[in-house]
Each structure stands twice: as C-alpha cells, then as structure tokens.
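The values are calculated or read from the model by the stated rules, or taken from the named source; none is laboratory data. This structure is a prediction, so every number in the text was calculated from the model and none was measured. Here the Cβ positions follow ideal geometry from the backbone for every residue, glycine too, while neighbour counts run over all protein chains shown. Side chains are part of the model used for accessible areas, which takes the heavy atoms of the whole protein and leaves out ligands, DNA and RNA. Shrake-Rupley method; radii C 1.70, N 1.55, O 1.52, S 1.80 Å.
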Amino acid sequence: MIDTLSVIIPTTGRPSLLVTLESLRNQDWISGDEIILAYDGVVPPDFYSSISSFSGLPIKVRGVDDGPHYDWGHTPRNKVMPTVEAKWLCHIDDDDIYVDGAISMIRSTVSGTSAPHMFRMVNKNGTEVWRVQGALVFGNVATPCIVHPRMDSYPYWISKVGGDCDFISAILRAYPPFSVLWHETVIARVS
C-alpha cells in the first residue's frame with residue numbers, strides 16, 4: 001500500500017497562499033492524499049472563489065470558528081491535526097512553497113518507515129534550514145522540515161515565535177532517541 005500524505009496549511013487568506021497552492025498544482029497526488037487549508041477564523045464566502053482555480057487538488061477547507069488567533073497558524077494546526085486521514089502529516093505555512101517533485105520525494109522517502117523525517121528548506125536569504133543536523137533550536141528547524149506519522153495524540157503548537165521548533169522537539173520526543181531520519185534534500189522554500 002502506498003503511504004498517503006496530509007499537507008496542513010494554516011491561513012488567514014493572505015495572497016501568498018495562492019503561490020503556496022500553485023507550488024502544489026504539479027505535485028504527484030494519489031487517492032487518499034489531502035491538502036487541509038486550516039482557515040484561522042470563520043471562512044469568508046469569497047475565500048472559496050479565490051481558490052477555485054485549484055479545484056484539481058485534494059483541498060479540504062476547515063475553518064477555526066473561534067478565531068482568528070493571529071498566532072502564526074498554531075491554533076488552526078492544533079485543531080485540524082486530529083482530523084487528518086492520511087498516514088503522514090506535512091506542515092507548511094501559507095508563505096512557503098514546495099519545490100518541484102517534493103511530494104513524490106517525501107512519499108518515496110517515508111515509505112516503509114515509521115519514524116519522523118526532517119528535510120531541509122531554504123529561507124528568503126538563501127540559507128538552508130536546518131544547518132546543524134540534530135539541533136532542535138529556534139532558527140535551525142522550521143515548519144516544513146518535519147514530516148511525521150499520524151499519531152493517536154499530538155503535542156500542541158505553542159502560540160509564540162519559534163512554536164515550530166517547540167512542536168518539532170515535542171514530536172521527536174515521542175520517538176526513541178536518534179530514531180528521527182535527517183535528509184539533506186531541500187523540499188520547501190520561503191516564497
């Protein structure tokens with residue numbers, strides 16, 4: 001059986017979301033994959049028309065009706081993670097993009113494994129994240145770096161700058177020491 005992927009994208013509907021979705025258009029999707037747009041707040045009617053050109057993608061829109069929270073997408077992530085249907089979770093912000101072939105590469109890399117994986121991304125200034133393998137510190141890991149299996153319960157994304165580092169650290173603590181698989185491959189960049 002081929003491993004399915006859920007890509008969680010928290011958003012307030014910023015224009016950069018369209019660039020993020022464009023980066024997903026030509027990826028290799030299979031039945032069971034899903035792109036979850038976790039809208040921070042009540043989803044406005046015009047949001048659906050703004051993403052209508054992406055109807056070929058496996059998009060599910062989930063509004064977080066008690067928002068907006070303005071916490072870098074952490075609350076929407078916390079609310080939608082337990083609802084994913086795929087085997088693996090990927091996280092990306094609505095101002096990041098996946099590089100060409102990222103979804104195929106992620107799927108082939110995680111297939112047959114059960115440990116979390118850490119991939120690289122590129123910041124606006126061109127530096128790669130992570131720079132130091134195994135260093136779970138602010139600035140060395142970022143949201144798109146982690147790809148992890150669906151879990152029975154999840155740690156929470158903490159509502160602060162650097163919450164992605166805290167979440168990634170918590171996910172990795174749920175696994176035996178040194179079980180995370182670090183990959184040199186860049187899968188995402190800041191748009």
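In the set G56, G73, only one residue is farther than 27 Å from H183 by Cα and modelled with pLDDT under 95; that residue is G56. Scanning the range 55-91 for residues that are over 18 Å from the mean Cα position of the chain (by Cα) and free of Cβ contacts under 8 Å to residues at least 40 places away in the same chain gives S55, G56, D65, D66, G67. Quick check on the range 66-82. Is at least one of its residues closer than 22 Å to Q27 by Cβ and open to solvent by 40 Å² or more (accessible area, probe 1.4 Å)? Scanning the range 66-82, I find no residue that is closer than 22 Å to Q27 by Cβ and open to solvent by 40 Å² or more (accessible area, probe 1.4 Å), so the answer is no. Within the range 39-56, the only residue that satisfies the criterion of being within 16 Å of L24 (Cα to Cα), in contact with a Lys or Arg (Cβ under 9 Å, 6 or more places away or on another chain) and open to solvent by less than 50 Å² (accessible area, probe 1.4 Å) is F54.
The lone criterion from (1) open to solvent by 20 Å² or more (accessible area, probe 1.4 Å); (2) over 22 Å from W182 (Cβ atoms); (3) assigned to a loop (DSSP other than H, G, I, E, B) left unmet by Q27 is number (1). Scanning the range 135-162 for residues that are at pLDDT below 80 and open to solvent by less than 60 Å² (accessible area, probe 1.4 Å) returns a single hit, G162. Out of V129, V110, one residue alone is under 25 Å from D28 (Cα atoms), open to solvent by less than 40 Å² (accessible area, probe 1.4 Å) and either out of contact with any helix residue (DSSP H, G or I) (no Cβ under 9 Å at 6 or more places or on another chain) or aromatic (F, W, Y) (or both). It is V110.
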